[in-house]
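Heads up: the structure comes next, in C-alpha cells.
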Amino acid sequence: MLKNYFKIAIAVLRRRKFFTFISLFGISFTLTTLIILSAFIDRVIGDDYPDKKRDRSLYIVRMEEIGKDNHSSTTPSFSFLDRYAGSLKTPEKMTIFSRYNGTNTYVNNKKIAINYKYTDANYWDILEYQFLEGKPFTQQQLDNQEKVAVISADMKKEYFGDIPSVVGKYIEADNVQYRVSGVVKNLPVTSYMLYSDIYLPYTISKSNYKDKAYRGDYMAILLARSKGDLSKIHDEYEQLVSKVPMESTEFNQIISHANSYVASYVDTGNEKKSGVVYVLTAIGSFVFLFMLLPTLNLVNINITRIMERSSEIGVRKAFGASSRTLVYQFIVENIILTLLGGIIGLILSVIALYFINELNFIANLELTVNFTVLFCGLLVCLFFGLLSGVYPAWRMSKLNVVTALKAQ
Amino acid sequence: MIRLQNIEKVYRTDTIETLALNSISLDVAKGEFLSIMGPSGCGKSTLLNIMGLLDAPSKGDVRIGEQATLHLSDKQLAHFRNQKLGFIFQSYHLINDLQVLDNVELPLLYRNTTAKERKQLATEALEKVGLSNRIKHFPTQLSGGQRQRVAIARAIAGRPEIILADEPTGNLDSAMGNEIMEILIQLNKVDGTTIVMVTHDENMANKTHRLVRLFDGTQVQ
C-alpha cells in the first residue's frame, strides 16, 4: 500500500513540475531558515563550554533596587555577592566574576580592542576552560595582587602573532602590563557571561571592588553539590535577599535571583514574566508566522491538485477505498512531499551554515547541524506535512463518487 | 442477485426539482447479463450508479445478494463494493500516473492481500483480457481498446460477483467495441459473473440475455 502511495506521490510531483518546484522551494527555504535559527539557539544556549557543570549551577546576574520614585537594575557588586551570596550554606562553591569591559591597546601602532574580565580563583575550578597552554592564576597570586592574566587563543594570535608559546610574556591593557599565565580556547561573544579576551584577578581591579554598594559590575555562579540542591539554593538565596537591609531610604525592595543558565541568559529584568517566556513567545511567533505562508501555499496547491485528481478519487472510492483510507493516502503523499522538501532544506542548511561559519559573522560561533537540530527539522517537516495535508485530504475524501467521476 | 424496489431519484436545486428515476423495480438474477438502454438523460447511468452503491436513491430499496444496503456506512459501503462489485466506465478512468499492473491491482489494495498475491491476481486478470505483455506500460501509451481492456482487468482482478459497465464500448470503434463485448460475454459465460451494462448500441444490447429500456426515468421495457 505504502509503495503504491509513494509511486503515485512521485508521479504527481513529476507531472506538475512547476507546482512541485514552488512547494519544495517553500518548504525547503522555510526549513533552512528554521534549521539555521535552531542551530544558532542550540549553540548559544545549548553549548556548555566552559560551564560543563551547568546542570548543577545557578547564576546571579541581576540586582534590582526599587523605591517609590526610583528603580535601578544592573548586575550586583562584588561586595554584595561576597558578603551575602558567599554566606549561603548549601552551595559547594561560588565564583564571582565581572562582566567584560572593553579597552584599547596598541601593538606596533596597530589598535587592538581588548575585552577584559575580573575573576576570582574559584572561577577556574567551577568553569572548565580548556587551557591550550599554561594554567590559571592561583589564589595566592590573587591574594598577592599579582598582575597576571589568562588570555584567549584569539587574543594571543592578535597580540603576539603566530608564536608557539606566550606564557610568561607580557600583554598590555589600559597601560598596565600583565604577565600571561595561560591561554584558553576561544568563546563566542554570545556566551556573554563568560566571554572575554583577557581574564584578570579581581584584586587588581582599578575600580574599588570593596565598595559596599549593592549594585556593581559582577556576577556569580553558585555550584550545587547535586542537582537536587538547586531548588534549595534558589530558595535560600531568595530568603536571604528578602532579609538584606535596604541600602538607602530611597528604596524599599531588593530583587535578585539565583537562576538556571537559560533563565539568567534571557533575563529581561521583568519580574512578572520571565525572560524564558518572552523568548519562547518570540521564537514561537516567529516560527509560526514563518511557517504559515508556505503552509497556506501548500494547502492551496493541494486543493488544486485534488480537483485534478477527482477521477482518481472516484475510481478509488468505487473500488473500495473508504474516505478514511483516502485521507490517509493523501496525508502520506503530503508527508512524502514535505520530507523531500526537508531533505533539500537540510542540504541547503548545511551549505548555508558552511558559508555563515566561513564568513565568521560572530567570532568563534561555529554553527553545526547536530542531532537536536536535525530532530527539530524532522519534527517541523512532519508538522508541516500534517498541517497542510489534513484539510485538503478531508475535502477530497468528502467528494461524491459520481461527481468525482464526472469531473474528468 | 440485485433487487431494486421502487427506486426514485430526485435531483434538487434551489429552483428546480428533477425526477431522474421514477419507481423502478428490477431484479437481476445471478449469472445474468443484462443491458440497459434508453436515450441520453433518461437515467441509465443513475440507475447503474445506484446498483453499484455509488449513489443513494431518494426513495426505495437496494439489495445485493442478501444484503440490504441503504443503511450501510461509508466504510461498510466501500468494503461491500470492494468485495462484490467491479466497475467499467466509458472513459476508462485509469490512473495515468500508474503503470498498467498498478492500475489493475487497485481494488486489491483495499483488501488484506500481500504484494505477491496482488501481482498474481492482477497478472491473471490481464492475461484474461490479453494484455499480459503490457504490464509495465502507462495508460497513455495504450490505444482506447487496450485501455478499456485494462479497465476490465481492473474490474475482474478482485473476482467480484457483479460487474457494472457504463457504456464500455461507447468510446470505441465497432471492431474494438466487439472485442470488448466478446470479453464481457466470456466473463459471463465462463466465470458466471453477473453483468449489468448500460449501452446506446442496439447490437451490443442484443448480445445480452435481457434488455431493459428506460425513458424519462421510467422503465418502459
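The values are calculated or read from the model by the stated rules, or taken from the named source; none is laboratory data. Source: prediction; values computed, not measured. Please note: Cβ atoms are built from the backbone with ideal geometry, for glycine as well, and neighbour counts cover all protein chains shown.
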Please go through (1) among the small types (G, A, S); (2) surrounded by fewer than 21 Cβ atoms within 10 Å (Cβ to Cβ); (3) within 9 Å of another protein chain (Cβ to nearest Cβ); (4) farther than 27 Å from B:I185 by Cβ for B:S91 and return the number of the only condition it doesn't satisfy. (4)
What is the residue count in segment B:163-193 for residues that are among the β-branched types (V, I, T), crowded, with 21+ Cβ neighbours inside 10 Å and not in a loop (DSSP other than H, G, I, E, B)? 2
Looking at segment A:353-408 only, could you name the residues that are without any contact (Cβ under 8 Å) to a residue 60 or more places away in the chain and either crowded, with 20+ Cβ neighbours inside 10 Å or touching an Asp or Glu at 6+ places or on another chain (Cβ under 9 Å) (or both)? A:N357, A:G385, A:N400
Total residues in segment B:58-78, condition of a type outside the set (A, V, I, L, M) and surrounded by 23 or more Cβ atoms within 10 Å (Cβ to Cβ): 0
Residue satisfying all of: in segment A:52-102; out of contact with any Gly (no Cβ under 8 Å at 6 or more places or on another chain), of a type in the set (D, E) and farther than 15 Å from A:N122 by Cα; surrounded by the fewest Cβ atoms within 10 Å (Cβ to Cβ) among these: A:D69
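With the structure loaded, tell me whether A:K227 is more than 30 Å from A:I27 (Cα to Cα) and modelled with pLDDT under 80 or whether it fails that test.
For A:K227, the condition - more than 30 Å from A:I27 (Cα to Cα) and modelled with pLDDT under 80 - is not met.
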Could you please let me know if A:L230 is within 29 Å of the chain's Cα centre (by Cα) and within 22 Å of A:T138 (Cβ to Cβ)? no
Would you say A:N357 is away from chain B (no Cβ under 14 Å) and part of a loop (DSSP other than H, G, I, E, B)? no
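In the set B:L26, B:L21, B:L4, which member is surrounded by fewer than 20 Cβ atoms within 10 Å (Cβ to Cβ), touching a residue at least 40 places away in the same chain (Cβ under 8 Å), under 24 Å from B:H200 (Cα atoms) and more than 13 Å from chain A (Cβ to nearest Cβ)? I'd like the intermediate steps shown before the answer.
Numbers: B:L21 fails: surrounded by fewer than 20 Cβ atoms within 10 Å (Cβ to Cβ); B:L4 fails: surrounded by fewer than 20 Cβ atoms within 10 Å (Cβ to Cβ).
It is B:L26.
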Of these, A:T203, A:T190, which one is polar (S, T, N, Q), in contact (Cβ under 8 Å) with a residue 40 or more places away in the chain, more than 25 Å from A:V44 (Cβ to Cβ) and touching a Leu at 6+ places or on another chain (Cβ under 7 Å)? A:T203
Taking segment B:121-131, which residues are surrounded by 22 or more Cβ atoms within 10 Å (Cβ to Cβ), more than 14 Å from chain A (Cβ to nearest Cβ) and outside any loop (DSSP other than H, G, I, E, B)? B:L126
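Between B:P160, B:P107, which is out of contact with any His (no Cβ under 8 Å at 6 or more places or on another chain), in contact (Cβ under 8 Å) with a residue 12 or more places away in the chain, of a type outside the set (A, V, I, L, M, F, W, C) and not in a helix (DSSP H, G or I)?
B:P160
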Which condition from (1) in contact (Cβ under 8 Å) with a residue 24 or more places away in the chain; (2) part of a strand (DSSP E or B) is the one that A:L142 breaks? (2)
Determine, yes or no, whether B:K44 is of a type in the set (D, E, K, R), more than 8 Å from every other protein chain (Cβ to nearest Cβ) and either touching a helix residue (DSSP H, G or I) at 6+ places or on another chain (Cβ under 9 Å) or under 18 Å from B:P168 (Cβ atoms) (or both). yes
Spot the failing condition for B:R149; the list is (1) farther than 19 Å from A:A321 by Cα; (2) in a loop (DSSP other than H, G, I, E, B); (3) basic (K, R), and only one is missed. (2)
Any idea which of B:R81, B:R118, B:R134, B:R111 is basic (K, R), surrounded by fewer than 22 Cβ atoms within 10 Å (Cβ to Cβ) and within 13 Å of chain A (Cβ to nearest Cβ)? B:R111
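Counting residues that are buried (at least 21 other Cβ atoms within 10 Å of the Cβ), charged (D, E, K, R) and more than 14 Å from chain B (Cβ to nearest Cβ), which helices (runs of 4 or more DSSP H) fully inside segment A:212-330 reach at least 3? Full working, then the answer.
Values: elements: A:230-243, A:261-265, A:275-308, A:310-318.
In segment A:212-330, no matching helices (runs of 4 or more DSSP H) lie anywhere.
Could you grab me the full set of residues in segment A:93-139 that are of a type outside the set (A, V, I, L, M), assigned to a loop (DSSP other than H, G, I, E, B) and within 27 Å of the chain's Cα centre (by Cα)? Give the steps one after another, and end with the answer.
So in segment A:93-139, the residues of a type outside the set (A, V, I, L, M) come out as A:93, A:95, A:97-106, A:108-111, A:115-120, A:122-125, A:128-131, A:133-139.
Filter once more, so that each one left must be assigned to a loop (DSSP other than H, G, I, E, B): A:99-100, A:108-109, A:120, A:122, A:128-130, A:135-138.
Result: A:R99, A:Y100, A:D120, A:N122, A:E128, A:Y129, A:Q130.
Looking at B:G86, B:G52 in this structure, which one is buried (at least 20 other Cβ atoms within 10 Å of the Cβ), more than 22 Å from B:F215 (Cα to Cα) and modelled with pLDDT of 90 or more?
Every option except B:G86 fails the conditions.
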